[in-house]
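Notes for the one structure printed next.
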Amino acid sequence: MLEIKNLHVKLEEEDKQILKGVNLSIEPGTVHAIMGPNGSGKSTLSYVLSGKDGYEVTEGSATLEGEELLDMEAEERAAAGLFLAFQYPVEIPGVGNMTFLRTAVNAQRKARGQDEMSAADFLKVIRAKAKDLKIDADMLKRPVNVGFSGGEKKRNEILQMAMLEPKMCILDETDSGLDVDAMKLVADGVNALRDAGRSFLVITHYQRLLDHIKPDVVHIMADGRIIKTGGPELALEVENEGYADLLAENA
Ligand code: ADP
Ligand code: MG
Ligand code: MG
């Protein structure tokens, strides 16, 4: 599904190398987690995959089902099936959540060469999905993320994901101060959307999130590289023992 090879990234503004050869291979239908100390480059990896400005890829590739993501515009990446949920969701005053989602869904359909979804069809689909995810219909009418609680923003993120039906979902939950309830929401949402044709990359500081999501593969990132890959037990190991030993082995 997602294949990252020898990815090197520096900041555009200054001569600072942040990713120093990331390799990552995510099979269809699997959930991978990335953990690692603060500043190791986890968020940078998700930003670069999303096409955010300010980063320069100096080497390597990242393909989604064999297509080079790094050559695509952000909208093309979404059309190709990539979805990124961020730590701090944007608020869009004046734009209703439903309108926003319909625009996003139709932009994606257009980029895929599909017809626009009619307002009536869209309403049917979003109501069904909101119900499945236990999302209050009232939230669909409110301006995007404005005045949403942390939990509501998380629900909304999951709803966006459900509506766009991506193949590869990347969630960066680092530093977002998720409380237990919000963590459970994210986990339930991810679990509800798990599917043989859909993969997840969950970036997190919290081993507890992985108690609920149960990743197939866990990676540890440090200083711009993946330094260790293992099963779910690796997350527990890090939780109990910290990163010091791992970092020393790799120094
Ligand atoms: P993580 O998510 O693992 O905590 P980040 O990807 O946020 O790590 O950051 C990796 C490193 O890159 C840090 O040292 C951070 O300060 C630096 N960095 C990332 N983006 C920028 C930026 N736009 N300007 C300056 N430094 C940055
Ligand atoms: Mg950080
Ligand atoms: Mg981060």
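Would you tally the residues in region 61-100 being touching a residue at least 24 places away in the same chain (Cβ under 8 Å), among the polar types (S, T, N, Q) and either over 21 Å from residue 161 (Cα atoms) or away from ligand 2 (no atom under 16 Å from the Cβ) (or both)? Final tally of qualifying residues: 3.
When the residues of region 11-38 are filtered to those that are assigned to a loop (DSSP other than H, G, I, E, B), within 16 Å of ligand 2 (Cβ to nearest atom) and touching a strand residue (DSSP E or B) at 6+ places or on another chain (Cβ under 9 Å), the one that is farthest from residue 84 (Cα to Cα) is 16.
The set of residues in region 185-205 being farther than 16 Å from residue 154 by Cα and either modelled with pLDDT under 95 or surrounded by fewer than 17 Cβ atoms within 10 Å (Cβ to Cβ) (or both) consists of 194, 195, 196, 197, 205. When residue 141 is tested against (1) crowded, with 19+ Cβ neighbours inside 10 Å; (2) closer than 22 Å to residue 108 by Cα, exactly one condition is not met: (1). Scanning region 165-180 for residues that are at pLDDT 85 or above and surrounded by fewer than 20 Cβ atoms within 10 Å (Cβ to Cβ), which turns out farthest from the chain's Cα centre (by Cα)? Out of the qualifying residues, it is 165.
The one condition from (1) within 16 Å of ligand 2 (Cβ to nearest atom); (2) farther than 24 Å from residue 4 by Cβ; (3) among the acidic types (Asp, Glu) that residue 188 does not meet is (1). Residues that are among the aromatic types (Phe, Trp, Tyr) and in contact (Cβ under 8 Å) with a residue 24 or more places away in the chain within region 10-60 comprise just one, 55. Meeting the requirement of 1 or more residues that are touching a Gly at 6+ places or on another chain (Cβ under 9 Å) and exposed (fewer than 15 other Cβ atoms within 10 Å of the Cβ), the strands (runs of 3 or more DSSP E) wholly within region 53-112 are 55-64. Within region 9-29, the set of residues being over 16 Å from residue 46 (Cβ atoms) and either at pLDDT below 95 or within 13 Å of ligand 1 (Cβ to nearest atom) (or both) comprises 10, 12, 13, 14, 15, 16, 17, 20. Going through (1) under 18 Å from residue 190 (Cβ atoms); (2) surrounded by 13 or more Cβ atoms within 10 Å (Cβ to Cβ); (3) away from ligand 3 (no atom under 16 Å from the Cβ) one by one, residue 27 falls short only on (2). At least 1 residues being touching an Asp or Glu at 6+ places or on another chain (Cβ under 8 Å), within 25 Å of residue 55 (Cα to Cα) and aromatic (Phe, Trp, Tyr) is the threshold, and among the strands (runs of 3 or more DSSP E) wholly inside region 155-247 not one reaches it. Taken together, the residues in region 9-64 that are of a type in the set (Ser, Thr, Tyr) and farther than 26 Å from residue 215 by Cα amount to 2.
The values are calculated or read from the model by the stated rules, or taken from the named source; none is laboratory data. Note that the structure is predicted; figures quoted are calculated from it, not measured. All Cβ positions, even for glycine, are placed from backbone atoms using ideal geometry, and neighbour counts span all protein chains on display.
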